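Only the coordinates and a few stated rules stand behind these numbers; no lab work does. Being a predicted model, the structure only gives us computed values, none of them experimental. Quick reminder, even Gly has a Cβ in these numbers, built from the backbone with ideal geometry, and neighbours come from all protein chains shown.
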Amino acid sequence: MTTIEIPEPIRLDVGEDWRDHANCKGQLHLFFAKKAERPQARARREAKANALCQECPVMEPCREFARSNREYGFWAGESEEDRHLMGFTVSAPIGLRARKYRMGGDAHTADDTLRSA
């Protein structure tokens, strides 16, 4: 029988940033898709990301951040599709974003979001 340990949520001091305690620090390649990523590669990448999320002490504030800021990528064990299916919207649905890019529009990417943060 396998035992699964759930991490204790961390208590943050006033002014302390939850991102300083995130397991994903330095692992962004697991949480944001490369251009033209194949479905099988995405599944493998997200499985690795999810393993880090499940052991993360700041999963709740991460989830709240992703949902309230309409983030792309894999956050707190959820993809943008997961959040969409639960009723949380993203800035533009993935299919529409890709179609706009193919038609020569300006597509906003996760890299742009990270650079502006």
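Compared with the alpha-carbon gap, the fully stretched path from residue 54 to residue 12 is longer by 13.2 nm at 0.36 nm per residue. If you plug the beta carbon distance of residue 44 and residue 64 into 1/(1 + (r/R0)^6) with R0 = 35 Å, you get a FRET efficiency near 0.85.
The stretch between residue 88 and residue 29 holds 18.9 nm of extra length on full extension. This uses 0.36 nm per residue minus the Cα-Cα distance.
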